[in-house]
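Worksheet: one structure, shown below.
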Amino acid sequence: METAADVEACLPIRSDMDLVRVRQHVRQAAAGFGFGLVDQTKLVTAASELARNTLVHGGGGRMEAALVVDGPVSGLRLVFSDEGPGIADLDLALSDGYTSGGGLGMGLGGARRLVHDFGIDSAPGSGTTVTVISWSVRPPRPRKES
């Protein structure tokens, strides 16, 4: 059963500089939670695409990051949310080759392939929330008692 810690960070996404901060935070958090370089890169790439979508298509929003634990495995959960126009056709937006332009060219489908768990909640007029989890291969390190 998956359990989540308190939100580790909540970062605004309102400008291109915020996109840089999101990428930096995700890389540092993934490295700190024991992700290897390849898994860090995959998660940062997905986060970059999702953050850009939040800014460009959703008019801005936020990213929340938290450590999640499922038995002996830990992961990083990222939630991107906005109050923009929403996505009219989720199936089309998630299909391979679909792009609305302006991003990294991989779209939501590409971001979905880079993470282990992917969920999206969106409807026209109600904004969009995308939740992703990438699992590390190592459990969190036990804390040393003083």
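Structure above, values below:
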| quantity | calculated |
| --- | --- |
| Cβ-based exposure ranking for T128, T41, T54, in which fewest neighbours within 10 Å come first | T41, T128, T54 |
| Residues V38, V20 arranged by fewest to most Cβ contacts within 10 Å | V38, V20 |
| Other-chain or far-sequence residues with amide H under 5 Å of S136's (modelled H) | S74, G75, L76 |
| Sequence of D117, D16, D39 once ranked by neighbouring C-beta atoms within 10 Å, starting from the fewest | D16, D117, D39 |
| Pairwise FRET efficiency - H116 versus L92, Cβ, R0 = 25 Å, nearest 0.05 | 0.60 |
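Where a number appears in this text, it was derived from the coordinates with a stated rule and is not lab data. Not measured: the values here are computed from a predicted model. Using ideal geometry, Cβ is built from the backbone for each residue, glycine included, and neighbour counts are taken over all protein chains shown.
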